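**Q** I am attaching a structure below and will ask some questions about it afterwards.
Each reported figure results from applying straightforward, stated rules to the coordinates on display, with no laboratory input. Small disclaimer: the values here were computed from a predicted structure and weren't measured. All Cβ positions, even for glycine, are placed from backbone atoms using ideal geometry, and neighbour counts span all protein chains on display.
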Amino acid sequence: MRQCLVIVPKERTVFKKTMILVLFLLTCLLIIASIPVPILFLIPAVICGIIWFYQNYRSDVEYEYVYFDGDLRIAKITDKRKRKNVAWLTMEDNIILIAPKGDRTVYKYENDKSLTYKNFGSGRPDAKVYELIAKGEKGIARYEFEPDEEMLDAMLIKYSKVVIK
């Protein structure tokens, strides 16, 4: 029995990168415009600066996957300090199947719109994404996550019928 830990940082989307750049430019323009008329432009400059700061430095997201003895825990870490458990699954009770994204075994689950879907991946196009099909309180759910080879090998040792590599 070994514990496997994988931490995957989530990539910023193009929209978020654009929003951060626009907020920075708007803050700079408002600061420059507040030199002749400080009463009119200083308060919006401070508000835009605060929003830019939180979007740029306080909105980093990472996902943590921990596998130990048949338990898979997924946590969302925000700003490298706030940790929230988002899923706690057991291989015997909850997990139906773990397979690479696009595999024929998960095809019927990918096209089913009634399933709950959650993406716990980085969002990088070159990442090796796996799909996890699990039973929950509200029915069957589909999760996307990015385990590494060590975690998949640890799962395959005991649960070779559930995990497809």
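**Q** Return the Cα extents of the chain along principal axes one, two and three, sorted largest first, each rounded to a whole Å.
**A** Reported extents, whole Å, longest axis first: 71, 34, 31.
**Q** According to a simple spin-label model (label point 7 Å from Cα along Cα-to-Cβ), what is the distance in nm between Phe53 and Glu92?
**A** Taking the two extended label points, one gets 5.1 nm.
**Q** So, one more: What is the stretch 25-100's relative contact order, in percent, from Cα pairs under 8 angstrom and six or more apart in sequence?
**A** 18
**Q** I want to check the label-to-label distance for Lys76 and Leu5. Put each point 7 Å from Cα in the C-beta direction and report it in nm to one decimal.
**A** 2.2
**Q** Right, next: When ranked by the protection proxy of mean other Cβ atoms within 10 Å per residue, highest first, what sequence do the peptides 140-152, 39-51 form?
**A** 140-152, 39-51
**Q** Less than 12 Å Cβ to Cβ from Val6, Lys/Arg counted +1 and Asp/Glu -1: what total charge do the surrounding residues give?
**A** -4
**Q** Asp153: net charge of surrounding residues, Cβ under 13 Å, Lys/Arg +1, Asp/Glu -1, itself excluded?
**A** 0
**Q** Using the crude model of +1 on Lys and Arg Cβ and -1 on Asp and Glu Cβ, and no other charge, please compute the dipole size for the chain relative to its Cα centre, in debye to 20.
**A** I would put it at about 420 debye.
**Q** Which net charge results for the neighbourhood of Glu110, defined as the other residues with beta-carbon distances under 13 angstrom from its beta-carbon, given Lys and Arg at +1 and Asp and Glu at -1?
**A** Residues close to Glu110 contribute a combined charge of +1.
**Q** Using only the alpha-carbon atoms, how far is helix 14-33 inclined from the longest principal axis of the chain? Give it as 0 to 90 degrees, nearest 10.
**A** Approximately 20 degrees, to the nearest ten.
**Q** Let me have the relative contact order for the chain, percent, based on Cα pairs under 8 Å that are six or more residues apart.
**A** Once divided by the residue count of the chain, the mean separation gives 21 percent.
**Q** Also, I was wondering about something else. What FRET efficiency comes out for Leu25 versus Lys118 if R0 is 30 angstrom and r is the Cβ-Cβ distance? Round to the nearest 0.05.
**A** With R0 = 30 Å, the Cβ-Cβ based efficiency is 0.30.
**Q** In nm, to one decimal, how far is the Leu156 label point from the Lys17 one, both placed 7 Å along Cα→Cβ?
**A** 3.4
**Q** When all alpha-carbon pairs of the stretch 109-165 are counted, what percent fall beyond 17 Å?
**A** 46
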